[in-house]
Structure formats: C-alpha cells, structure tokens
Amino acid sequence: MSAAETLLSIEVPPSSAGAPLPHVFADEGRLLVAYIANAPDPSFDGTNPRSVSPVTGNQSVAILTADSYLAFQFGPPNDEAISGHRLYPLGLRAYEAFEVRNSSWIASLEKSNRVHSSHTPELFSDYRHFILAFHDSTLEFIAESFSTILHNGAVLTVLMEAVGQRARNS
C-alpha cells in the first residue's frame, strides 16, 4: 500500500485575490504560466476598484516556468468551490500554492505507462505534483521543478515575451 497524499505549502509570488488572470502556455517540453501577483497599491483606499484585463500594463506579473513537465490541468474549482476539491480535507486553500507529496496523480500516470516496452518506475521518480489555487481557477502540474520571476507589465505581453525568449534560447 502506498503512503497517503499530503500537502506541503510552497513559496511562490502570491496571486492577486481579485483578478490574477492566469494565462498558460504549454508545449510538449515546457509550461509557462503568467499571473498578476499580489502587489498592494498604497494609493488604493478600497472605495474605487479598477478593472484590469490581460493587456492592462504596469502590473506585477509572476512568470512560472516548468521545464520537463509531464502534465497539467487548468480550470475548476474556483475559490468558491475549492472545498469540493479532493485535496481540500488535506489543507488545500484558495490563493495558496502547494506540493502534493505521494501524489496519486503521478502514481496513476506511472501505472498507465507500464504498457510501454521501455517503462521503468524510476522514469517517474523525480516528478513532483504542484497546485496553485487562483481566484477563478486552479492549476495543477507535474514537473521535476519550476521557477518563478516577477516582471512589470501586462500579463499577456509578459507571457508572450517569456515564450519568445524561451524559443530563442532553445
């Protein structure tokens, strides 16, 4: 019997609680995610919120990059339905980031790969399962590791620049 799944809180730039606007770019070798990071505006008094879009500039934008990722899923639940996620009883909460230890998702992918003639369980031993719970969506991905960096600009522009830079460096 395998060990039970557990959650470990991880450090990433916290997402905006209002409108993080996460955008995902993925190909078969890399995963990039851009989102508005929580950067309180000292001039905001709470009475006149402003609307932002993916092209609104002068935002604090986090770029998460995972090379050698295995899989990802992006979508529900949102912050109002996060309690319906199977990992909620283990401590999963909205606006936070976690690593899932003893991931049943990784175990499932390893099991389904056993039909491959060159399969060995060790192919999956370095992969880790991560979850970022945003305001309107949740991102889960499996990768060996990832990095984050903060930029200033518009979410969409920063993501496209990161995609272009990664393409030039490949």
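So the values come out like this:
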| read-out | value |
| --- | --- |
| Whichever residue in segment 130-147 is closer than 16 Å to Trp105 by Cα and acidic (Asp, Glu) and, among such residues, is farthest from the chain's Cα centre (by Cα) | Glu144 |
| Members of segment 102-123 found to be touching a residue at least 24 places away in the same chain (Cβ under 8 Å) and either crowded, with 16+ Cβ neighbours inside 10 Å or not in a loop (DSSP other than H, G, I, E, B) (or both), listed by number | Ser103, Ser104, Trp105, Ile106, Ala107, Leu109 |
| Every residue from segment 125-135 that is without any contact (Cβ under 8 Å) to a residue 40 or more places away in the chain and either in a loop (DSSP other than H, G, I, E, B) or aromatic (Phe, Trp, Tyr) (or both) | Ser125, Asp126 |
| Checklist (1) in contact with a Pro (Cβ under 7 Å, 6 or more places away or on another chain); (2) more than 28 Å from Ala19 (Cβ to Cβ); (3) open to solvent by 60 Å² or more (accessible area, probe 1.4 Å) applied to Leu150, failing item | (2) |
| Checking Asn78 against (1) more than 19 Å from Thr6 (Cα to Cα); (2) of a type outside the set (D, E, K, R); (3) in contact with a helix residue (DSSP H, G or I) (Cβ under 8 Å, 6 or more places away or on another chain); (4) not in a strand (DSSP E or B), the condition it does not meet | (3) |
| Single unsatisfied condition, Glu99 versus (1) free of Cβ contacts under 8 Å to residues at least 40 places away in the same chain; (2) in contact with a strand residue (DSSP E or B) (Cβ under 7 Å, 6 or more places away or on another chain) | (1) |
| Val55 in contact with a helix residue (DSSP H, G or I) (Cβ under 7 Å, 6 or more places away or on another chain), within 23 Å of Val155 (Cα to Cα) and open to solvent by 80 Å² or more (accessible area, probe 1.4 Å) | yes |
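The values are calculated or read from the model by the stated rules, or taken from the named source; none is laboratory data. This one's a predicted model, so the numbers in the text were calculated from it and none came from an experiment. Every residue, glycine as well, gets a Cβ built from its backbone with ideal geometry; the counts of neighbours run over all protein chains shown. Accessible surface is based on the protein model in full, side chains and every heavy atom, while ligands, DNA and RNA are left aside. Shrake-Rupley method; radii C 1.70, N 1.55, O 1.52, S 1.80 Å.
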